[in-house]
Amino acid sequence: MQSLLDALHSDALNELTSIRQLSDLDSLKTLYLGKKGKLTDILQGLGKVSAEERPRLGQIANTIKTDLLTRLEQKRDELQKQEWAVQLQKEAIDTSLPAHRLAIGKHHPINKTIDDVVDIFTRLGFSVETGPDIESDYYNFEALNIPSDHPARDMHDTFYLNTGYLLRTHTSPVQIRTMEVQQPPVKIIVPGKVYRCDADVSHSPVFHQVEGLYVSKNVTFSQLKGTLEHFLRALFGPEKSVRFRPSYFPFTEPSTEVDVACVNCGGNGCNVCKHTGWLEILGAGLVNRNVLKAVNLDPDVYTGFAFGMGIERIAMLRYGISDIRLFYENDYRFLKQF
Amino acid sequence: MKFSFNWLKTFINTDLSASDIADKLSSAGLEVEGFEEIGKGLTGIVTGKIQSIAKHPNADRLVITQIFDGTDTHQIVTGATNVFEGAIVPASLPGAVLADGTKIKKGVLRGVDSYGMLCSEKELGIADESHGIWILPEDTPLGIDFVDYALLKDVVFDISILPNRGDCQSIVGLARELSVILDTPLSLPEPVITESGKTLDLTVTIQDERCPIYTARVIRNVTIKPSPLWMQRRLQVSGIRPINLAVDITNYILLEWGQPLHAFDYHRTAGAQITVRSAHSGEKLTALDAADHTLEDTMLMICDQSGPIAIAGVMGGERSGIADDTQDIILEAAYFHPGSVRKAASKLGLRSESSVRFEKGIDIDQVVRSANRAAQLFQELAGATLEPIMIKSNPSAEAFQKRTLTLDPAKLNQLLGTDYPTQDILDILQKLGFHLSQDQSDITVPSWRHLDILGTPDLAEEVARLKGFDTIPSVLPTEIVLGTPPTHVSKQIAKLENFLVHTGIMQLNTYTMIAQKDLQGIVEPGPDLLVLNNPLSPEHAVMRPHMLPSVLKILAYNVKRQADRLSVFEVGKTFHKAQNSQAPLESVQLVALITGTPQVYFQAEKAVNTLDFYKLKGLWENLADLLDLTGYTAQTEPAPSYLHPVRQLTYLLDGQSVGEVGFLHPELLKEWDLGTEVGYISLNVTVATAKQKATPTYTHFSKHPSTRRDIALLAPKQLPYGDLYQTLQELKSDLVQEIFMFDYFESEKLGPDNKSVAVGMIYQATDKTLSDEEVNQAHETLCRQLTERLPVHLR
């Protein structure tokens, strides 16, 4: 009987090896291990063997059964995996086809630069203020110590409107508007569009300025220097050399122009810096006493500093742009680069 | 302003190089825009007289000249046609170097020896163009080093004079400034003149306080001839054309002392009576620019018996000007009020070397000295006779008053944040010409800084700029100033801009001025349009009343350059003239134009990936959500002129338009040469952000299960879904939490006048789980009422 069992075992294993499909696996299982299968057939003859032999043969039969079941399951896993693989292979796609991306949207480089500049100052406690583009002579000139017959008006080629109003030539009117309604300490940063009748590769009739003002008690020129040095190094890099030169603006006294080492040549001299090694970036100074008087602040009690910068110039230096008109052409091929 | 380094060196001694001088001036606040070294390599040029001119045997266009230099005679062949026997000319002999670096050698020209070259002004580096050889004045000495004699070597600085430094608009002023910067003495010789007795009548009357001093001197027997070469050269390098001796002397003094002068022909000055007065309105004057000027009563004039002869400080009149036959002149030196000169000059459009100096303020204490210096030159160079100077002045005028300021070194240091020793401060100010009181508490401003130095901050600037701004320490303010958060509007604008950029739409930044023609089909130009009085071009002549022209122009520009699937937007200001108040109205508007969706390539996706109205509408409502905008309604009429009349919506908030969505009108597209359809979204940011939304309060939501019931409807095609939705909202019971459309179609089977609409409804109670019966009852009621109210059928 043992030889019958051994033969069944080896037959079953042989057939198992040649099976290729899951459905054949089930028939094989039924054929050998089913209720009416070959193993049952053999075990029906168990009654004829001696009582001593019976347990041993029973155990052998059990071992064969367990072994076949395990191997059947192994085979099942194997076949199932093969079946998945065949199935999924049919779903293959060309992953190298181009991606479906959202369209490219970008912030305008001027708006982006304004944001970056303003961010540096808000971290220093400056609050953002804005004002109208269309201004009166009073806010744009008079209150800023530029009376109508003052030669400093030549520094501002002004657009006038049919209503007698004008397009602001700088963001400085917002200094006045803010101080009129807010008591010191006033610490503001003012971004906005400004206008001058002037157009060439480095001048646009419309451009952007960011203006800063800090008015309180005991504000000093050395604080102005510290603030602007911090700003310029935050914007252009911590190692940047910064230079302050005396200058003149009607609304500040003392006044200064601030240069940074040329971003192009690092200070050795090139076309960008007109071979001076320096680039003029900012105008600044201590708030003129007449400006404080215009907003009814006592200049013997309060002092302040103010500064202003052209955003186009900063953006041109940052991005290596040589023609200011590119900003306003808004060519898609230009805009998508930022 | 251009100035000659050689001329400057007649007043101060310095060995510094031009670039050192430029640096020193810049760091002291005088901006040097550049400098030019002229005649750099020039050498070996001598003067000689042409003794004879002979024909060249082998060339028609050449002549052989014999040049006598006072000792020797040199044979030089030239092709110039303006030479003549007896002319004195500059000659470069073998070994000489011309301005362009050419070295002169002995040569043979068509078989004739030539020992050098006769020179033109161009070859000597003083003109860009010249016609022929430079013919020198007859009294030019022979055989001299012409480079030195004619001041051919010089450095010309170009310096921009800021409005507060009128005192530096002269050689003397710059020399004075440099003498302080370089700490080197300044020598200003006092003019030496000999006055004759008075023979010619002259009266001067000042009738206007804007002229605190007027001086006039009669100078007799002036010969009108060319001025000497050195004077011509100094004028030339300073950018002024030499004219004749009399005019050149006045310009020379203007450049040297910063004092504008004017010379009148004595015999053409009616009655020899000079009156300084305001113009009578409507008076006319033909000025030296040969133009007729109509005068206004604010203008200060110099007049004779028959009327105006000069616009004070601006320009003289033609009638009384110096002519070739002039013999006797009246030389004016005066001080005119800066603002008055500026106003007259700008109103008449006449900016002159004179007016720019008066505008920034001249030194009132040097008026007479400058007049004397000019007189000295007339005497020396023109052999003229000087009559005594006539001076009319008003010593009580403000311009004459010395300004005395309190000197407080501690306050000065506090302002700068420095601790300069008091002695340093005093030293600097005294070097600058300030006069210190005995007890050192007061300081008097020098006359040449009268308009500029008004208080401690000005004194602080003087000290700081001479100490060097780099000596001021850098510190950050330590005071804590509480920042205010960004304003509601600017924060909302930032939100909108970020959202649109992240949605794939490109941000633009455009001019706020547009061409009036670009409004066509968009906004009818009305009386509230703001127009520029002085536009640079018609392209930017009006303030935009709407963002669409700006954004559309950029779209068209890019489409023309073959960009497709463009989506662009800008949040910008629009402008209108105000009705009641004076100040124009500015509001903020968002306009986005969309011409496509992202590129796809599968057929199935192409079918759904199209730009349709509902995507635009969705984008608009997304923007509204972003701003927490609620309670807006939509209307279809009236349609904005620039939108497709039946594919657009206007959104209203409290009866006010807050935005629009739709497709641009095909007619507008045609005008802008746009082939594809263009989606349009606008949001009136000013209206949308007018009300700041309160912080939301939490509302309890039901945790009981919900039940969905659908209605499939056959509805007339003409019935807008909006009406259906509105009716359902009105009829529904409180148990309905949500109503939404989930299917919509039209088909042949339904017929041309019908459509199928399927709407889902979510039933839910807050306090219990609803039973099927409760839901069915509510839903049946709703369906029944709906079919009673509207011409729809349940399918």
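The values are calculated or read from the model by the stated rules, or taken from the named source; none is laboratory data. Everything numeric in this text was worked out from a predicted model, so none of it was measured. Counting neighbours? That spans all protein chains shown, and the Cβs are built from the backbone with ideal geometry, glycine included. Note: accessible area is taken over every heavy atom of the protein model, side chains too, but ligands, DNA and RNA are not part of it. Shrake-Rupley method; radii C 1.70, N 1.55, O 1.52, S 1.80 Å.
Values for this structure:
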quantity	calculated
Over 22 Å (Cα to Cα) - which of B:Lys55/B:Lys225; A:Lys336/B:Lys553; A:Lys193/B:Lys491; B:Lys495/B:Lys691; B:Lys343/B:Lys392; A:Lys225/A:Lys274 fall in this group	B:Lys55/B:Lys225; B:Lys343/B:Lys392; A:Lys225/A:Lys274
Rounded if a/c under 1.5, otherwise prolate or oblate - the range B:636-724, Cα gyration tensor axes	oblate
Label-point separation in nm, B:Thr610 to B:Thr205, each point 7 Å along Cα→Cβ	9.1 nm
Centre separation in Å (Cα based) which lies between the range B:457-532 and the range B:161-214	45 Å
Test item: Cα-centred dipole of chain B, Lys/Arg +1 and Asp/Glu -1 on Cβ, debye	920 debye
Most mobile of A:Ser222, A:Ser18, A:Ser241 in a GNM of chain A (Cα contacts under 10 Å)	A:Ser18
Charge dipole of the protein assembly as shown about the Cα centre (unit charges at C-beta), most positive-ward option of A:Leu5, A:Asn296, B:His74	A:Leu5
Distant-in-sequence amide H partners of A:Leu282 (H built 1.01 Å from N, under 5 Å)	A:Val258
Solvent exposure, largest accessible area first (probe 1.4 Å, DNA, RNA and ligands not counted), of A:His156, B:His280, A:His107	B:His280, A:His107, A:His156
Charge dipole magnitude, Cβ of K and R +1, D and E -1 - the range A:2-89, Cα centre, debye nearest 20	220 debye
Charge context of B:Tyr744, other residues only, Cβ under 14 angstrom, K/R +1, D/E -1	-1
Per-residue HN-Hα couplings for the range B:484-489 [Karplus 6.51, -1.76, 1.60; θ = phi - 60°; Hz; x = Gly/Pro]	8, x, x, 4, 3, 5
Separation of the B:Thr10 and A:Asp323 label points, Cα + 7 Å toward Cβ, nm	4.8 nm
Normalised contact order of chain B, rounded percent, pairs of Cα under 8 Å and 6 or more residues apart	8 percent
5 angstrom amide H check on A:Val287, placed H, neighbours 5+ away	A:Glu253, A:Gly304, A:Phe305, A:Ala306
Radius of gyration, Dmax [the protein assembly as shown; alpha carbons; angstrom]	45.5, 173
Size of electric dipole in the protein assembly as shown: Cβ of Lys, Arg +1 and of Asp, Glu -1, about Cα centre, debye, nearest 20	2580 debye
Options B:Leu426, A:Pro191, B:Tyr763, ranked by Cα towards positive dipole end of the protein assembly as shown, top entry (Cβ charges)	B:Tyr763
Accessible area of the range A:210-338 divided out per residue, in Å², using a probe of 1.4 angstrom	36 Å²
Cβ-Cβ FRET estimate between B:Asp148 and A:Asp116, R0 fixed at 56 Å, reported to 0.05	0.45
Paramagnetic reach from B:Ser747 (point 7 Å along Cα→Cβ, amide N under 15 Å) across the range B:763-795	B:795
Area accessible to solvent at A:Glu142, 1.4 Å probe radius, in Å²	80 Å²
Fully extended contour minus Cα-Cα distance, from B:Glu780 to B:Leu436, at 0.36 nm per residue	113.5 nm
Using a Förster distance of 25 Å, the FRET efficiency for B:Glu677-B:Glu637 (Cβ separation, nearest 0.05)	0.70
Selected from A:Asn264, A:Asn62, A:Asn111 as most flexible by GNM, with chain A as the system and alpha-carbon contacts under 10 Å	A:Asn62
From phi via Karplus (6.51, -1.76, 1.60), per-residue ³J(HN,Hα) for the range A:122-133 in Hz, x at Gly/Pro	5, 5, 8, x, 7, 9, 7, 10, 9, x, x, 6
Between 0 and 90°, nearest 10: helix B:171-182 axis offset from chain B longest Cα axis	80 degrees
Whole-Hz couplings from phi, Karplus 6.51/-1.76/1.60, listed for the range A:257-264; x for Gly and Pro	10, 10, 10, 10, 4, 3, 6, 7
Unit charges at the beta carbon, dipole of chain B: most positive-side option, B:Phe742, B:Thr294, B:Cys119	B:Phe742
B:Ser447 accessible area, 1.4 Å probe, all protein chains in place, Å² to nearest 10	20 Å²
Ranked by how many other beta carbons lie within 10 Å on average, peptides B:28-34, B:109-115 from highest	B:28-34, B:109-115
Amide H contacts of B:Ile126 (H built 1.01 Å from N, under 5 Å, at least 5 apart or other chain)	none
Cα centroid separation, the range B:393-417 to the range A:47-116 (Å)	94 Å
Unpaired by the 4.7 Å Cβ criterion, cysteines found in chain A	A:Cys197
Ranked order, A:Glu78, A:Glu52 - accessible area, probe 1.4 Å, largest first	A:Glu52, A:Glu78
Label-to-label distance, nm, for residues given as B:Ala291 and A:Ala103 (7 Å Cα→Cβ offset)	5.2 nm
Taking the C-alpha atoms of the range A:151-267, convex hull volume expressed per residue in Å³	144 Å³
Ellipticity estimate at 222 nm from DSSP helix runs (n ≥ 4, -39,500 (n - 2.57)) divided over the protein assembly as shown, nearest 500	-9000 deg cm²/dmol
The range B:203-400 shape via C-alpha gyration tensor axes, a/c threshold 1.5	rounded
Overall form of the range A:2-89 per C-alpha gyration tensor (a/c, 1.5; a/b vs b/c)	prolate
